[in-house]
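What follows is a set of notes on a single structure, which appears directly below.
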Amino acid sequence: MLHKDNTSDADDNNNHNKIKQLEKSVRILQKRLERSEADRKVLEKASEIKELLLKSVIRELEESQALSEKRGQELETALQNLKALQMKLIESEKMSALGVLVAGIAHEINNPVNFIYGNLYYANNYFKSILNLINLYEYYYPEPVAEIQQEIETIELDFIKQDLQSLFESMNTGAERIFEIVKSLRIFSRLDEADFKTADIHLGIDSTLSILNHRLKPSANVTQGIQVIRNFGTLPAMECYPGQLNQVFLNIIVNAIDALEDAVIKNPQLLPTISITTELVNEQAVIRIADNGLGISEKAQSQLFTPFFTTKDIGKGTGLGLSISYQIIVELHAGILEYYSKPGSGAEFVIIIPVQQTKR
Ligand SMILES: Nc1ncnc2c1ncn2[C@@H]1O[C@H](COP(=O)(O)OP(=O)(O)OP(=O)(O)O)[C@@H](O)[C@H]1O
Ligand SMILES: [Mg+2]
């Protein structure tokens, strides 16, 4: 029979208690662990929420920053547009003031030139009559008294007889030229801002060329002069703002002259030429103004109609000519203004405008 002694009983008891103690500690630890696990989850959740919140705040901040950048850009563009508009207004104000001035001068010159031109005809006739009379005297009195003979030699009567006729002819040509210029000035400065008028576009182009004659004829810059080839088709009377169209012709032809002057410096052998062609296509007038200058660089082409874009020296170009022309053709006349240019071989500007304007 098995029997335990007292000491081993006590040991067993002791061990049993220890185990119980350990089990209790394990349970407590387990509980703590469970609790801290729950705490960790709560904390994790809270930090997730905080992170989401932070992200949405950052997103909102970024959005509002982008928005204010966009607003800033819009403001910048609006300011640029305003500046451009202001310059255009000043320019068109200047042009209309110039128009009034030119029209006034043309009117003032018209009267005196009429006197000269009108009286030249009579002066020439009187001269012929007097010449006739002198010839008659010479025929019937071939031996004048010494004093008259002396006077005939002093004034060189024979030369006067020859020269006076050509003198009258050149005075006549000069007066006719002044007439042409006055007519061109009047056509050019038509003060017709109020409404569309019907006008002859060819007359407008010719008056513009006449005004620019001093830059086309041989000069120190272009010793050979610039030749203009006019290739006019048949165009009906056009419904347009004639004064404004003349301004477009002026801008484009002046640009061509500037380009040709530069080209001649690079190539003195060049025969600088501007050709102006007009034709009627599908009830639209097509006007082409081409030059054989240096053409437009690719870099310049993308900005040609932008206000203030210029490649010319300060004081020579404001960079408004083409942007104003674009506005006049496209916005005012519902037309098209385009250009073709291969750098190195000239430029061509094409204006297309309808013969009749639809009421807008
Ligand atoms: N026929 C052309 N050949 C070469 N470049 C041209 C020609 N026409 C225009 N350009 C270019 O386009 C630019 C802009 O022309 P735009 O007429 O608008 O201004 P600008 O002539 O420089 O100055 P502004 O006309 O105000 O006096 C010119 O500076 C020039 O570089
Ligand atoms: Mg110009």
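Cβ-Cβ under 8 Å, sequence separation 6+ or interchain: first residue in segment 288-307 and more than 20 Å from residue 276 (Cβ to Cβ) and free of Cβ contacts under 8 Å to residues at least 60 places away in the same chain, partner open to solvent by 70 Å² or more (accessible area, probe 1.4 Å) and among the hydroxyl-bearing types (Ser, Thr, Tyr). Which pairs?
Correct list of pairs: 297/311; 300/311; 305/326.
Give segment 313-338 a look and list any residue that's open to solvent by less than 40 Å² (accessible area, probe 1.4 Å) and either at pLDDT below 85 or hydroxyl-bearing (Ser, Thr, Tyr) (or both), or say none.
Of everything in segment 313-338, those that are open to solvent by less than 40 Å² (accessible area, probe 1.4 Å) and either at pLDDT below 85 or hydroxyl-bearing (Ser, Thr, Tyr) (or both) turn out to be 317, 319, 320, 323, 324, 325.
For residue 148, all conditions in the list (1) open to solvent by 50 Å² or more (accessible area, probe 1.4 Å); (2) under 29 Å from residue 327 (Cβ atoms); (3) among the aliphatic types (A, V, I, L, M) hold save one; what is the number of the exception?
(2)
Here are some residues: 179, 196. Which one is at pLDDT below 90 and either under 23 Å from the mean Cα position of the chain (by Cα) or buried (at least 18 other Cβ atoms within 10 Å of the Cβ) (or both)?
Being at pLDDT below 90 and either under 23 Å from the mean Cα position of the chain (by Cα) or buried (at least 18 other Cβ atoms within 10 Å of the Cβ) (or both) holds for just one of 179, 196, which is 196.
When the residues of segment 257-276 are narrowed to those that are within 21 Å of the chain's Cα centre (by Cα) and more than 14 Å from residue 221 (Cβ to Cβ), which ends up surrounded by the most Cβ atoms within 10 Å (Cβ to Cβ)?
Looking at the filtered set, the residue picked out is 274.
Of the residues 173, 208, only one is part of a helix (DSSP H, G or I) and open to solvent by 60 Å² or more (accessible area, probe 1.4 Å); which?
The match here is 173.
Among the residues of segment 265-313, what is the count of those that are over 25 Å from residue 234 (Cα atoms) and within 14 Å of ligand 2 (Cβ to nearest atom)?
Looking only at that region, the number is 14.
Going by the structure shown, is residue 139 open to solvent by 90 Å² or more (accessible area, probe 1.4 Å) and out of contact with any Gly (no Cβ under 9 Å at 6 or more places or on another chain)?
Yes.
Just name the residue that is most open to solvent (accessible area, probe 1.4 Å) out of those in segment 282-312 that are within 10 Å of ligand 1 (Cβ to nearest atom) and hydroxyl-bearing (Ser, Thr, Tyr).
Per the criteria, the residue is 311.
Looking at residue 274 and the list (1) part of a helix (DSSP H, G or I); (2) within 15 Å of ligand 1 (Cβ to nearest atom); (3) touching a residue at least 24 places away in the same chain (Cβ under 8 Å), which single condition is not satisfied?
Answer for residue 274: the failing condition is (1).
Since residue 223 meets every condition but one in (1) out of contact with any Asp or Glu (no Cβ under 9 Å at 6 or more places or on another chain); (2) assigned to a helix (DSSP H, G or I); (3) hydroxyl-bearing (Ser, Thr, Tyr), which condition does it not meet?
Tallying (1) out of contact with any Asp or Glu (no Cβ under 9 Å at 6 or more places or on another chain); (2) assigned to a helix (DSSP H, G or I); (3) hydroxyl-bearing (Ser, Thr, Tyr), residue 223 fails exactly one: (2).
Which condition number does residue 234 fail, the rest of (1) among the β-branched types (Val, Ile, Thr); (2) in a strand (DSSP E or B); (3) more than 21 Å from residue 346 (Cβ to Cβ) being met?
Failed condition: (2).
Against the definition (touching a Pro at 6+ places or on another chain (Cβ under 8 Å), outside any strand (DSSP E or B) and more than 26 Å from residue 357 (Cα to Cα)), how does residue 293 come out, yes or no?
Considered against the rule, which asks whether it is touching a Pro at 6+ places or on another chain (Cβ under 8 Å), outside any strand (DSSP E or B) and more than 26 Å from residue 357 (Cα to Cα), residue 293 comes out as yes.
Residue 315 fails exactly one of the following numbered conditions: (1) in a loop (DSSP other than H, G, I, E, B); (2) more than 8 Å from ligand 1 (Cβ to nearest atom); (3) touching a residue at least 24 places away in the same chain (Cβ under 8 Å). What is the number of that condition?
(3)
Condition first: within 16 Å of ligand 2 (Cβ to nearest atom) and open to solvent by 30 Å² or more (accessible area, probe 1.4 Å). Now tell me which residues in segment 219-250 satisfy that.
Once the filter is applied, which keeps residues that are within 16 Å of ligand 2 (Cβ to nearest atom) and open to solvent by 30 Å² or more (accessible area, probe 1.4 Å), segment 219-250 yields 244, 250.
Tell me, please, whether a residue that is open to solvent by less than 50 Å² (accessible area, probe 1.4 Å), within 12 Å of ligand 1 (Cβ to nearest atom), on the phi < 0 side of the Ramachandran plot and touching a helix residue (DSSP H, G or I) at 6+ places or on another chain (Cβ under 9 Å) can be found in segment 350-360.
Looking through segment 350-360, none of the residues is open to solvent by less than 50 Å² (accessible area, probe 1.4 Å), within 12 Å of ligand 1 (Cβ to nearest atom), on the phi < 0 side of the Ramachandran plot and touching a helix residue (DSSP H, G or I) at 6+ places or on another chain (Cβ under 9 Å).
Can you confirm whether residue 167 is open to solvent by 80 Å² or more (accessible area, probe 1.4 Å) and assigned to a helix (DSSP H, G or I)?
No, not satisfied.
The values are calculated or read from the model by the stated rules, or taken from the named source; none is laboratory data. These figures come from a predicted structure and were not determined experimentally. Note that we place each Cβ from the backbone using ideal geometry, even for glycine, and neighbour counts take in every protein chain shown. In case anyone asks, the SASA skips ligands and DNA or RNA and just uses the protein heavy atoms, side chains included. Shrake-Rupley method; radii C 1.70, N 1.55, O 1.52, S 1.80 Å.
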